Each structure stands twice: as C-alpha cells, then as structure tokens.
Amino acid sequence: MGSSKLHQNDANCVWVDGPIIVGAGPSGLATSACLTQQGVPSLILEKSDCLASLWQLRTYDRLKLHLPKQFCELPLLGFPHNFPKYPNKHQFISYLESYAGHFSIQPRFNQAVQSADYDHILGFWRVKTQDSEYISRWLIAATGENAEPVIPDIPGINKFNGSVVHTSSYKSGSEFKNQRVLVIGCGNSGMEVSLDLCRYNAIPHMVVRNTVHVLPREMFGFSTFGIAMALIKWFPLWLVDKFLLLVANFILGNTDQVGLRRPKTGPIELKNVTGKTPVLDVGALSQIKSGKIKVMEGVKEITGNGAKFMDGQEKEIDSIILATGYKSNVPTWLKGCDFFNKDGMPKTPFPNGWKAEKGLYTVGFTRRGLLGTASDAVKIARDIAQQWRPNNSCSNSHVILLKET
C-alpha cells in the first residue's frame, strides 16, 4: 500500500509514499487507520506472520482485558455492541482483525526490521529487513513497550532440572497439574497465572520482591479505573489515590497482612511516574488468603530441584514461571537516534513523547495502555497529514509496483 521500487534495477529497494510503520499490533493498526482517514497511505512492516502477534502468540488462554472495553477501543471504530464489558483474548483479536479489514490495512508480514537509519544526505529513513530495504520520509516506531520478554538473571537458574517458561509461552495451568510452581513476579500476569494454576490443583508459590498496589477490579459495581478517570477530572491526584486506597482496604482488607506490602506512593501517582500498573484483582487475593497461593519473599538462589529464599526458607519446586513482563526492543533496530533511552522508551515524557525529529514518531510507549496508543495515533496522523502532499497519479502506479516486489 502506497509504495514502489525506488530503482528498477534493485528489486529489493522499495520507496514508500507515506510513512513506514514498524509493528502490526494495536499501535501500528491504530496509526495506519488514522493516517488512512487523513488520506495518507502507509506501509506496516511486521516481523511475525500475523497482526497483533503478542496477543495471538504470547498470551495465556484465560486472558481478558483488565479494563472495560470503552477504555480499550482504537480510534474511529469501537467494539461490537454484543461484546461483554471485559472482552476475552479471542474477542479482542477478532476486533483487531475486523479493524484491519475495515480500514483495508494489509501489513507486510515476515518482515523483521534489522535496522532503521536516517540518511542525512537524502533526508530519508532507510529501513532494512532480512530481504528488502524500504525508504520513506517518515518512520513510525509502533513496536511498543511490550515487544520482548524480560528474562531476569536469577542465580542458579541454569542448574534447575524442571521447566522454566516465561508467561509469553504460558497457555494454561493444565500443563502444570498437581505441580509445585514458582511464579516469579506479582503483577497482573503473575497474579492471574497463579490463579489459573490453582484451578488445576497446582501449588503456586508467588515471589513478591517489591511493594505492590492491589485494587479491586470494580468498586460499587463500576470499574475502578473508570471511577479513577472520572474523579481525576475534578479532584487532585493525591485525593483520588487516597479514596482508591480507602475503598480498596474496605473491600480487600489490609494486603500487608498477606505479604503484599503497598508502596508509599499512591497507585495513580506511581503509574504516572514509573509506569508500574496496579494489580486489578480478579480472584487471586482470596486464594492468597486461603493459602492456596503461597506468597514468598525474593529468591536468593535456584537449586537443582527447588529454590532458596531471602528469608532463609527453602522449597522444592517442579516448574518455574517467569511473570517478569516485557520491554521495548527499539534499541536493537533504531540506529543513531538519541530520542530513546537505553530501555527503549522515549526520553520525552507523556503526553509529548509521540514526536521526535526528522520525521520519526513513536506510538505505544506511553505506559498508559490502549488509551495512550489511541491518543498518540490521532496526533501522529494529524501531524503527518499537514506535511503530506498527495500525488495521485504516482500513488496508483506505486501500489502496482509494490505488488511486483
């Protein structure tokens, strides 16, 4: 879509009329749709063979959206009315596929971007994949903050005789029936995986290394997130945090008593400052209180058949699940650019991290979920549309030539 060969002799060099978008997840799809609405063509390069590969290939079977659907919609097209309040993984994927179809978005699959450099002489971006080079005035990094699993370096883990999997490879607790499972990490994934393991009579030992905010998913029949978003428009952040914690303690009790110590900073302020998301409880807390999920302190060392913990305890373990989250992969492919920090996140904080210089844009790096993605996509499309000078006679031939490459 919107591209052609730059040189007839070089079949692997492709000129892209509009922006090159790296990544066909929700961020890339939203940006492409917003550009289409503005009359700007684009080309999405995707390393896997499907759109939304994180959702399709790296999520567990029971996953549902943590927030109500109205907070997870992409721009210009909402969820079907018959979807439940919290769509499951398969419903969300079907929404994304319908979204791509509605806006005629056709990513180029199996195109793993190996490098993207700005050519200062030509004034264009050169994006190289394993078999082609794409050239454009604009480059949009849409790989997001969850591109690659974080695999922590835990002493002794290479000696462990059982299986070690990251949650990106975890599908269901059925693979761990009756096992003693060490779950490292206590965010939303760690909590939900531990809960799923309980359903299959496994014994999860969940490692809680740091403080964590656990909030009920709903308060008084309304989404906790929705309540927070409504209150923040009228009240100072510290007061909203105070209210959320007051109600959370009333509904859930004092989580410190079960080994889940709360941070001193309130949940929304912490999310804004560090990006650390509060855990929205969907049932794990009651299993912790009943003792079915064991809360453990930090791991000191993994042994051949178990683990030693910071508090001196030792446990025999059959399997280990790393619920240690994801990270950006931008530093591995974007070259010669100091807009991103070493963790692959924009140095400029939200809400201004979407635009760099020389035609570089970023979407999906706000640490504010799909709401942040939608906000970025709209801004990027408007900004590029102001620079866009369509040449319809060329564009049609460009589409044809692309199909030949």
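The values are calculated or read from the model by the stated rules, or taken from the named source; none is laboratory data. Note that the structure is a prediction, hence the values are computed from the model and not measured. Backbone-built Cβ (ideal geometry, glycine too); neighbour counts: all protein chains shown. These area figures cover heavy atoms from the full protein model, side chains too; ligands, DNA and RNA do not enter into them. Shrake-Rupley method; radii C 1.70, N 1.55, O 1.52, S 1.80 Å.
Would you check if there is a residue in segment 113-120 being open to solvent by 50 Å² or more (accessible area, probe 1.4 Å) and free of Cβ contacts under 8 Å to residues at least 60 places away in the same chain? Write out each step before concluding.
Going through segment 113-120, the residues open to solvent by 50 Å² or more (accessible area, probe 1.4 Å) turn out to be 114, 117-118, 120.
Going one step further and asking which of them are free of Cβ contacts under 8 Å to residues at least 60 places away in the same chain, we end up with 120.
Yes, the conditions are met somewhere in segment 113-120.
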Would you point out which residue out of ILE44, ILE93 is in a strand (DSSP E or B) and in contact (Cβ under 8 Å) with a residue 12 or more places away in the chain? ILE44
Taking segment 24-34 as the region of interest, how many residues are open to solvent by 10 Å² or more (accessible area, probe 1.4 Å) and either of a type in the set (Gly, Ala, Ser) or out of contact with any Ser or Thr (no Cβ under 8 Å at 6 or more places or on another chain) (or both)? 2
Do you know which residues across segment 199-241 are open to solvent by less than 60 Å² (accessible area, probe 1.4 Å), within 30 Å of GLY298 (Cβ to Cβ), in contact with a Pro (Cβ under 9 Å, 6 or more places away or on another chain) and of a type outside the set (A, V, I, L, M)? THR211, HIS213, THR224, PHE225, ASP241
Some residue of segment 277-292 being in a loop (DSSP other than H, G, I, E, B), under 23 Å from GLU175 (Cα atoms) and touching a Gly at 6+ places or on another chain (Cβ under 8 Å): no
Residue satisfying condition, being surrounded by fewer than 18 Cβ atoms within 10 Å (Cβ to Cβ), assigned by the TED database to the domain that holds ALA141 and more than 21 Å from ALA147 (Cβ to Cβ), within set LYS85, LYS69: LYS85
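Quick one: count up the residues across segment 298-308 that are over 25 Å from GLN257 (Cα atoms) and open to solvent by less than 70 Å² (accessible area, probe 1.4 Å). Talk me through it step by step, then tell me what you get.
Quick first cut of segment 298-308, residues over 25 Å from GLN257 (Cα atoms) only: 301-306.
Remaining after also requiring open to solvent by less than 70 Å² (accessible area, probe 1.4 Å): 301-304, 306.
Looking only at that region, the number is 5.
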Select from segment 346-368 the residues that are surrounded by fewer than 19 Cβ atoms within 10 Å (Cβ to Cβ) and among the polar types (S, T, N, Q) and write down the one among them that is farthest from ALA116 (Cα to Cα). ASN352
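For segment 96-109, which residues satisfy the criterion of being assigned to a loop (DSSP other than H, G, I, E, B) and either surrounded by fewer than 13 Cβ atoms within 10 Å (Cβ to Cβ) or not polar (S, T, N, Q) (or both)? Give the steps one after another, and end with the answer.
As a first pass, look at segment 96-109 and keep what is assigned to a loop (DSSP other than H, G, I, E, B): 103-107, 109.
PHE103, SER104, ILE105, PRO107, PHE109 - these are the residues of segment 96-109 that are assigned to a loop (DSSP other than H, G, I, E, B) and either surrounded by fewer than 13 Cβ atoms within 10 Å (Cβ to Cβ) or not polar (S, T, N, Q) (or both).
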For segment 28-37, does any single residue satisfy the condition of being in a loop (DSSP other than H, G, I, E, B) and touching a residue at least 40 places away in the same chain (Cβ under 8 Å)? no
What number of residues within segment 149-168 are open to solvent by 50 Å² or more (accessible area, probe 1.4 Å) and either within 24 Å of the chain's Cα centre (by Cα) or of a type in the set (Val, Ile, Thr) (or both)? 3
Going through (1) in contact with a helix residue (DSSP H, G or I) (Cβ under 7 Å, 6 or more places away or on another chain); (2) buried (at least 17 other Cβ atoms within 10 Å of the Cβ) one by one, LEU371 fails only at (2)
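Condition test on ALA381, is it buried (at least 19 other Cβ atoms within 10 Å of the Cβ), in contact with a helix residue (DSSP H, G or I) (Cβ under 6 Å, 6 or more places away or on another chain) and more than 24 Å from PHE79 (Cβ to Cβ)? Steps first, please.
Values: buried (at least 19 other Cβ atoms within 10 Å of the Cβ): yes; in contact with a helix residue (DSSP H, G or I) (Cβ under 6 Å, 6 or more places away or on another chain): yes; more than 24 Å from PHE79 (Cβ to Cβ): no.
No; evaluated as a whole, the condition is false for this residue.
Restrict the check to segment 314-326 and report whether at least one residue is without any contact (Cβ under 8 Å) to a residue 24 or more places away in the chain, open to solvent by 30 Å² or more (accessible area, probe 1.4 Å) and either outside the structural domain of PRO75 (by the TED database) or not in a loop (DSSP other than H, G, I, E, B) (or both).
The initial filter retains those residues of segment 314-326 that are without any contact (Cβ under 8 Å) to a residue 24 or more places away in the chain, namely 314.
Now drop any that are not open to solvent by 30 Å² or more (accessible area, probe 1.4 Å), which leaves 314.
Next cut, either outside the structural domain of PRO75 (by the TED database) or not in a loop (DSSP other than H, G, I, E, B) (or both) only: 314.
Yes, there is a match, as at least one residue in segment 314-326 is without any contact (Cβ under 8 Å) to a residue 24 or more places away in the chain, open to solvent by 30 Å² or more (accessible area, probe 1.4 Å) and either outside the structural domain of PRO75 (by the TED database) or not in a loop (DSSP other than H, G, I, E, B) (or both).
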Note: among VAL330, VAL295, just one is touching a Cys at 6+ places or on another chain (Cβ under 9 Å), surrounded by fewer than 18 Cβ atoms within 10 Å (Cβ to Cβ) and not polar (S, T, N, Q), namely VAL295
Take the residues of segment 129-145 that are crowded, with 20+ Cβ neighbours inside 10 Å and more than 24 Å from ALA385 (Cβ to Cβ): which is modelled with the lowest pLDDT? GLU145
Could you identify the single residue in VAL127, VAL164 that is in a strand (DSSP E or B) and in the same structural domain as ILE302 (by the TED database)? VAL164
Does VAL273 satisfy being in contact with a strand residue (DSSP E or B) (Cβ under 7 Å, 6 or more places away or on another chain) and either surrounded by fewer than 17 Cβ atoms within 10 Å (Cβ to Cβ) or of a type in the set (A, V, I, L, M, F, W, C) (or both)? no
Of the residues ASP338, ASP343, ASP311, only one is part of a loop (DSSP other than H, G, I, E, B), open to solvent by 50 Å² or more (accessible area, probe 1.4 Å) and over 30 Å from GLY372 (Cα atoms); which? ASP311
